[in-house]
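Heads up, the thing below is written out as structure tokens.
The values are calculated or read from the model by the stated rules, or taken from the named source; none is laboratory data. Treat the numbers as computed from the prediction; the structure is a model and nothing was measured. Methodologically, a virtual Cβ is constructed for each residue, glycine included, from the backbone with ideal geometry; neighbour enumeration extends over all protein chains shown. Calculation scope for accessible area: heavy atoms of the full protein, side chains included, ligands and nucleic acids excluded. Shrake-Rupley method; radii C 1.70, N 1.55, O 1.52, S 1.80 Å.
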Amino acid sequence: MSRTPVQTTDAPAAIGPYSQAVRAGNTVYFSGQIPLDPATGEVVDGGIDAQARRAFDNLRAVAEAAGGSFAQVARLGLYLTDLSEFAAVNAVMAEYFDAPYPARSTIEVSGLPKGVRFEVDAVMVLD
């Protein structure tokens, strides 16, 4: 099975040797998206709400570049540096996804790239 990289300028460029996402068959595997402004490459200002929104916006841009939408996301991985912000991230996620919601894991981590507080990755299955 071939792997096809997914690339868009509407999300931050990869900051290492990886693709924004890779399509294998009808499945798209997303690299983690952090709250970087794709125009500047800088971390967005604001609290966890602003960081989560920017990361989800970046993820959506990659999903659209792959020919899909959040309605086709089967699984999400959420990474927070402070699990006490779980409820705030849930509220932001509810702005982006409708039922039936994707499967999800939420993990507290000791650090994330560029010192951000939130990262999200995903798996999407195209019709």
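Annotations for the structure displayed:
- Fraction of antiparallel bridges per DSSP, the chain only, in percent to nearest 5: 75
- When the GluC sites (Glu not before Pro) in the range 29-127 are filtered for DSSP coil states and for at most 12 other beta-carbon atoms within 10 Å of their beta-carbon, the remaining sites are Glu42.
- Global form of the range 45-127, assessed from the alpha-carbon gyration tensor, a/c cut-off 1.5: prolate
- The residues of the chain expose, per residue, 51 Å² of accessible area to a 1.4 Å probe.
- Shown here for the range 1-64: chymotrypsin sites (Phe, Trp or Tyr not before Pro) in loop regions (DSSP other than H, G, I, E, B) with at most 16 other Cβ atoms within 10 Å, namely Tyr18.
- Working from label points 7 Å from Cα in the Cα-to-Cβ sense, the Asp98 to Asp45 distance is 3.5 nm.
- Nearest-ten-degree value, helix 86-96 long axis tilted from longest Cα axis of the chain: 40
- Amide hydrogen neighbours beyond the local backbone of Glu108, cut-off 5 Å, H modeled: Leu80
- Only protein atoms count toward the accessible area here, which uses a 1.4 Å probe; on the chain, the carbon and sulfur part of that area reaches 49 percent.
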